[in-house]
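I have placed the structure first, in the form of structure tokens, so that the comments after it can refer back to it.
The values are calculated or read from the model by the stated rules, or taken from the named source; none is laboratory data. If you're wondering where the values come from, they're calculated on a predicted model, not measured in any experiment. All Cβ positions, glycine included, derive from the backbone under ideal geometry; neighbour counts span all protein chains shown. Note: areas computed on protein heavy atoms with side chains; ligands, DNA, RNA excluded. Shrake-Rupley method; radii C 1.70, N 1.55, O 1.52, S 1.80 Å.
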Amino acid sequence: MNKTKVTRAIVVILCIIIFIVFSIMIFSHCNKHYPITETGGYTFEVDEKQNATLVKTDMTSEIVAIPSKISSYDVKKLGGDRKIGGILFSMTYDGLFEGNSTVKEIIIPEGVEIVGDEAISGCENLERIILPNTLTELEIRNCDKLEKVDIPGSVTSLSLTNCVNLKEINFVDDGTIIKRFCFQGSGLESIILPSRLEMIPMIAFSVCEKLETVNIPQSVTSIESYAFEWCTSLVSLELPDNIESIGAGAFRECSSLEKIIIYDKCTQIYDNAFDGCEKLTIYGINGSYAEQYANEHNIPFKEYVQ
């Protein structure tokens, strides 16, 4: 066996060893469960700080008031029962209320900080959710009858996806950060975004087909890829003075978009940012990059006079 073959064999063996060690580490991390207990209609686990996470429930009521304590432990999180599987022992969840077709109202008490891990997902008859002022992270998915959510000022991370009749979001305070896919597929018709938001993340409003008006704060400097794609009811939009970049496909297939105002701080717009916007005219400052972009992409341009 020559040196080249020996070297290749050693590399292959090292790669196998690294893969096995890495897989064991991932499996050990994903499979780390704290003791699980059942009481009062809930299954929960307790972490090293002696805080409880609710992971299952057999509650069948239309109105469910989550307890603030369970077996003397403070309830800090609504989550899901962890499942190990898939590539490299990836972790999935069966959420607390996932697929619950009975619950219409969920009342979450003060003290709860996180709602995630599919805890509220696919609740087809959920109409109302009351959130505490201690909440920092919120994820809700596929709740077809949910029409309005008031977001407490304590929430810093938010995702509400595929809630097709969600028409109204009220931000109580300005600290909320919206995540990728945040409102994807929702029924929003208008929204006023938090005033300290710095960017519109990727796919945030994708396929919000009823969205007509968006109030974007001056703090926003970038609109990421596909942020507003397929917002087919969006007709007119004024971007803030401080927008510097517009990502790939950001307004792709916004077929009703007729007017967008882009100021001169914007110096980067991806070639396909407005693909499918056949009615569009870009309004901006003469001599700006927005005018150059419009000319290069055969989009009508008009000077914007305030």
Exercise. Cβ-Cβ below 6 Å, separation at least six or inter-chain, first residue in the stretch 267-284 and of a type in the set (Val, Ile, Thr), second open to solvent by 20 Å² or more (accessible area, probe 1.4 Å): which pairs?
Worked result: Thr267/Tyr289; Thr281/Lys259; Thr281/Pro300; Thr281/Lys302; Ile282/Ile299; Ile282/Phe301
Exercise. If Ile261 passes every condition in (1) surrounded by 15 or more Cβ atoms within 10 Å (Cβ to Cβ); (2) under 24 Å from the mean Cα position of the chain (by Cα); (3) within 27 Å of Phe171 (Cα to Cα) but one, which one does it miss?
Worked result: (2)
For this session: Please name all residue pairs, on different chains or six or more residues apart, with Cβ atoms under 6 Å, provided the first residue is in the stretch 294-306 and is modelled with pLDDT of 95 or more and the second residue is buried (at least 16 other Cβ atoms within 10 Å of the Cβ) and not in a strand (DSSP E or B).
Result: Ile299/Leu280; Phe301/Glu291; Phe301/Ala294
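For (1) open to solvent by less than 40 Å² (accessible area, probe 1.4 Å); (2) at pLDDT below 90; (3) of a type in the set (Gly, Ala, Ser), each residue gets a yes or a no:
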| residue | (1), (2), (3) |
| --- | --- |
| Ile24 | no, yes, no |
| Ile36 | no, yes, no |
| Gly41 | yes, yes, yes |
| Ala52 | yes, no, yes |
| Pro67 | yes, no, no |
| Gly79 | yes, no, yes |
Seminar exercise, completed: Checking Ala204, Ala248, Ala227 in turn, the sole residue that is open to solvent by less than 30 Å² (accessible area, probe 1.4 Å) and in contact with a Cys (Cβ under 8 Å, 6 or more places away or on another chain) turns out to be Ala204
Problem set entry | Odd one out for Leu188 among (1) open to solvent by 10 Å² or more (accessible area, probe 1.4 Å); (2) assigned to a loop (DSSP other than H, G, I, E, B); (3) closer than 30 Å to Ser222 by Cβ | (1)
For this session: Show the residue pairs that are 6+ apart or on different chains and have beta-carbon atoms under 8 Å apart, the first residue being within the stretch 38-61 and closer than 18 Å to Lys104 by Cα, the second being in a loop (DSSP other than H, G, I, E, B) and charged (D, E, K, R).
Result: Gly41/Asp58
Seminar exercise, completed: Among Ser154, Ser225, the single one that is within 30 Å of Asp94 (Cα to Cα) and among the small types (Gly, Ala, Ser) is Ser154
Exercise. List the pairs whose first member sits in the stretch 211-224 and is closer than 12 Å to Ile243 by Cβ, whose second member is among the small types (Gly, Ala, Ser) and not in a loop (DSSP other than H, G, I, E, B), and whose Cβ atoms are under 6 Å apart, counting only residues at least 6 apart or on separate chains?
Worked result: Ser222/Ser245
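Looking only at the stretch 192-202, decide whether some residue is assigned to a strand (DSSP E or B), in contact with a strand residue (DSSP E or B) (Cβ under 6 Å, 6 or more places away or on another chain) and not aliphatic (A, V, I, L, M).
Among the residues of the stretch 192-202, not one is assigned to a strand (DSSP E or B), in contact with a strand residue (DSSP E or B) (Cβ under 6 Å, 6 or more places away or on another chain) and not aliphatic (A, V, I, L, M), which makes the answer no.
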Seminar exercise, completed: Checked the stretch 130-158 for anything of a type in the set (Val, Ile, Thr) and either assigned to a loop (DSSP other than H, G, I, E, B) or touching a residue at least 40 places away in the same chain (Cβ under 8 Å) (or both); matches are Thr134, Thr136, Val155, Thr156
For this session: Among residues belonging to the stretch 117-158 that are modelled with pLDDT of 95 or more and of a type in the set (Gly, Ala, Ser), point out the one that is farthest from Lys56 (Cα to Cα).
Result: Gly122
Exercise. If Ser157 satisfies every condition in (1) open to solvent by 30 Å² or more (accessible area, probe 1.4 Å); (2) on the phi < 0 side of the Ramachandran plot; (3) in contact with an Asp or Glu (Cβ under 6 Å, 6 or more places away or on another chain) but one, which is the exception?
Worked result: (1)
Exercise. So which residues in the stretch 99-129 are assigned to a loop (DSSP other than H, G, I, E, B), under 21 Å from Val172 (Cα atoms) and open to solvent by 10 Å² or more (accessible area, probe 1.4 Å), if there are any at all?
Worked result: Pro109, Glu110, Gly111, Glu113, Glu127
